[in-house]
Amino acid sequence: FSSSDYVCECFKQNDLPGGYRLLRPVCRPHWMICRSSLQYDESSPIGQGNFCYVFKGKYHDASKEAPIDVAIKVWQNVKDSNRSKPGEALDCMIKEAKFMMRHNHRNIVKFYGAVCDRPPIMIVMELCPGGNLTTHLRKLRDGITHGERIVYCVDIAKGIRYLHSKNCIHRDLACRNCLISKHGEIKITDFGLSRVLDEVTLHTPKIQPQDKLPIRWMAPETLTRMPIFSTKSDVWSYGIVCYEVCAPLSK
């Protein structure tokens, strides 16, 4: 076939194997971004996780006159012995994209879309040039006023309150997962562990010895072999975040 359009037209008129025929088109979801609309330097990541790299790039949105500065999270097909299934990391990233597309709040990192037309899978998000809050606190230390620290805590509280109002929990709240936007607002990110609560609490599978856990931020009820996560465990983590933000003030 000379083109994909020709393939579609052909099987509108002729049966596919099994006697099926193309009857009507399915529109591309608004969140699905073509790989060709992104530009970034693969040699200069601005962040890195266990299974992904984050790059600063440009998103050429057809509805905008100028390209948008974005952060592009790119999945890396790396084998990890700590994962029970080879595709678990990819599944986690897809779940993160699905979670982000359902939420919109000024204290949540904005989701532009995902690239699924060809490997690797990518998540396109709002670029927060201020970096993560942990690095910011360590860099400026006593140069951050008490009032600014309170604003940071309030911004994070607003973001978590929004998630809880949507019956969702973050499960990995920490300063390292809070970014600073170009306007100085704190925005929560990294929703790989976030879930929708079908009931009051969410039970997860047994914790395995090889699992990597942010123990310092976890509530006591989540540190058992059969952990229970809820909005309350998020509030515990938020308390640790407030300590992270304000601890440098104590002598």
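The values are calculated or read from the model by the stated rules, or taken from the named source; none is laboratory data. Note that the structure is a prediction, hence the values are computed from the model and not measured. Cβ placement follows ideal geometry from the backbone for every residue including glycine, while neighbour counts extend to all protein chains displayed.
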Discussion item. Being part of a helix (DSSP H, G or I) and of a type in the set (Lys, Arg) is true for just one of 118, 141, 102. Which residue is that?
Written reply: 141
Fill in: Verdict on residue 139 being farther than 19 Å from residue 98 by Cβ and either at pLDDT 95 or above or in the same structural domain as residue 230 (by the TED database) (or both)
yes
Worksheet, complete the sentence: Residue hits (segment 1-40; farther than 12 Å from residue 115 by Cβ, surrounded by 10 or more Cβ atoms within 10 Å (Cβ to Cβ) and in contact with a Lys or Arg (Cβ under 9 Å, 6 or more places away or on another chain)) are 11, 12, 15, 21, 22, 39
Fill in: Every residue from segment 120-159 that is over 18 Å from residue 174 (Cβ atoms), touching a residue at least 24 places away in the same chain (Cβ under 8 Å) and not hydrophobic (A, V, I, L, M, F, W, C)
120, 126, 129, 141, 142, 146
Worksheet item: Got a number for residues in segment 142-192 being at pLDDT 95 or above, surrounded by 20 or more Cβ atoms within 10 Å (Cβ to Cβ) and of a type in the set (D, E, K, R)?
Response: 2
Worksheet, complete the sentence: Among the residues of segment 41-57, the number that are modelled with pLDDT of 90 or more and surrounded by 15 or more Cβ atoms within 10 Å (Cβ to Cβ) is 7
Worksheet item: Does segment 219-244 hold any residues that are surrounded by fewer than 19 Cβ atoms within 10 Å (Cβ to Cβ) and more than 21 Å from residue 186 (Cβ to Cβ), and which are they?
Response: 219, 220, 221, 223, 224, 225, 226, 228, 232
Worksheet entry | Condition check for residue 163: assigned to a strand (DSSP E or B) and either among the aliphatic types (A, V, I, L, M) or at negative phi (or both) | no
